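The values are calculated or read from the model by the stated rules, or taken from the named source; none is laboratory data. Being a predicted model, the structure only gives us computed values, none of them experimental. Virtual Cβ from ideal backbone geometry, glycine too; neighbours counted across all protein chains shown. Surface areas here come from the heavy atoms of the whole protein model, side chains and all, with no ligands, DNA or RNA. Shrake-Rupley method; radii C 1.70, N 1.55, O 1.52, S 1.80 Å.
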Amino acid sequence: MKFRRQKIEEVSINLTPLIDVVFLLLIFFMVTTTFKQSTELTIDLPTASASDAVSIGNDKLEVVITSDGQYVINGLALVNGRTETLKLGLQEASSGNNQIPLIITADANSSYEMVMRLYDAASQLGFTKLAHTAERERSQ
């Protein structure tokens, strides 16, 4: 039996192929990547000043959207929630004056469709002063 130690070859790592692969990847990404300046979404934010303040009184419309799908304009409930009925109710309550503020209060359980229907009717009638209110939940 031969128990002599055999000579072990030195372990070495050849980095030349790795450098070539990294260089080829770098060239690939440089050639295939295009850079362009992204355009941002432009949003016109509302502004307010003390001279624009509206006095709170009888010259406002209050629209409440209930959780069971009903519109209430200044305390009077509408028969149905269609856009045409809503437009007629808003026009009658405002007496054709679309410059008075429209205060919208929506229940947390009301659908987004109902709110959007109200926005649509107000937009078609030319209302520009909209305010949104919310009530805290009442503890029982």
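Take the conditions among the acidic types (Asp, Glu), within 23 Å of the chain's Cα centre (by Cα), modelled with pLDDT under 80 and surrounded by fewer than 16 Cβ atoms within 10 Å (Cβ to Cβ) and apply them to residue 135. Does it pass? Yes.
Looking only at residues of the range 59-107 that are at pLDDT 85 or above and charged (D, E, K, R), we find that the one that is farthest from residue 124 (Cα to Cα) is 62. The test for being open to solvent by less than 60 Å² (accessible area, probe 1.4 Å) and touching a residue at least 40 places away in the same chain (Cβ under 8 Å) does not hold for residue 73. Based on what the data block shows, is residue 11 open to solvent by 100 Å² or more (accessible area, probe 1.4 Å), at pLDDT 80 or above and either touching a Gly at 6+ places or on another chain (Cβ under 7 Å) or not basic (Lys, Arg) (or both)? Considered against the rule, which asks whether it is open to solvent by 100 Å² or more (accessible area, probe 1.4 Å), at pLDDT 80 or above and either touching a Gly at 6+ places or on another chain (Cβ under 7 Å) or not basic (Lys, Arg) (or both), residue 11 comes out as yes.
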